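Student: I'd like to ask you about the structure that follows.
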């Protein structure tokens, strides 16, 4: 099949995704008037990024299932893994806000950043739930008191972990260029939002799912 390949360079500060976003509406309108059998396809970064995203999407369910099985085996419970997985959308709030505020875009590197972010958010939720179990089983606290104590004890480590991660990614954000900047933004913004919301979200969900109420507190 005969084809014509058109290539072009882009100006500094402009991403290929932005160029494709401007070209696609025009091509769609013009393609209606082309003879039968003529069509167009995007190549370059759009093609390679699409193939990479498809490859990740195909393997992601398997990885998610393995993570879920490990969490169930670790906690010997279904409710605690459910709490942990419910913290993931908290990070996505920050990712969306960060990309919009900093005028970045959703691409392959952003997707990698989201996957990395998910691991950090899950880890923060795990250490918080583990501390609740320690306060109940080892220190003999009532469930309500254990939730409060665990949230207070784990707040500082979670904040320090977030601070070191965010500051460590700043050089990548400012000096990584158009390729690495979206990944840094997704991790930093998502982690900041998740860190603010997780210490309050996890105790509340634990109280709801395990039916913990203030009357159970030690007098």
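Student: May I ask you to derive the relative contact order of the chain, considering only C-alpha pairs under 8 Å and at least 6 residues apart, and to give it as an integer percent?
Tutor: Computed value for the chain: 26 percent relative contact order.
Student: Quick one: length gained pulling residue 79 to residue 208 fully straight, 0.36 nm per residue minus the C-alpha distance?
Tutor: Length difference between fully extended and current span is 45.4 nm.
Student: When you count, for each residue, the other Cβ atoms within 10 Å and take the mean per peptide, how do 2-11, 124-133 rank with the highest first?
Tutor: In decreasing order of mean packing, 2-11, 124-133 become 124-133, 2-11.
Student: Can you tell me the length gained on complete extension of the stretch residue 70 to residue 134, counting 0.36 nm per residue apart and subtracting the Cα distance?
Tutor: 21.1 nm
Student: Based on other C-beta atoms within 10 Å, arrange 29, 186 from fewest to most.
Tutor: Lowest to highest Cβ neighbour count: 29, 186.
Student: How far is it, in nm, from the label point at residue 58 to the one at residue 88 when both lie 7 Å from their Cα along the line to the Cβ?
Tutor: My value for the distance between the label points is 2.0 nm.
Student: Okay, moving on. Two decimals, Cα atoms only, Kirkwood Rh: what is Rg/Rh over segment 49-216?
Tutor: 1.02
Student: Exposure proxy check: 69, 112, 117, 209 ranked by fewest other beta carbons within 10 Å?
Tutor: Ordered by Cβ neighbours within 10 Å, fewest first: 69, 209, 112, 117.
Student: A further question follows. Given the rule -39500 (n - 2.57) for each run of at least 4 DSSP H residues, summed and divided by the residues of the chain, what is its mean residue ellipticity at 222 nm, to the nearest 500 deg cm²/dmol?
Tutor: Theoretical 222 nm ellipticity from helices: -26500 deg cm²/dmol.
Student: Gaussian network model of the chain, Cα springs within a sub-10 Å range: biggest mean-square fluctuation belongs to which of 35, 157, 81?
Tutor: Ranking 35, 157, 81 by mean-square fluctuation puts 35 first.
Student: Quick check: the distance between the Cα centres of segment 1-63 and segment 142-219, to the nearest angstrom?
Tutor: Centre-to-centre distance over Cα atoms comes out at 38 Å.
Student: Of 181, 149, how do they rank once you tally other Cβ atoms within 10 Å and put the fewest first?
Tutor: Least crowded to most crowded, the residues run 149, 181.
Rule-based calculations on the coordinates, nothing more; no lab input. Fair warning: this is a prediction, and the values are worked out from it, not measured in the lab. Because the Cβ atoms are built from the backbone with ideal geometry, glycine has one as well, and the counts that use them run over all protein chains shown.
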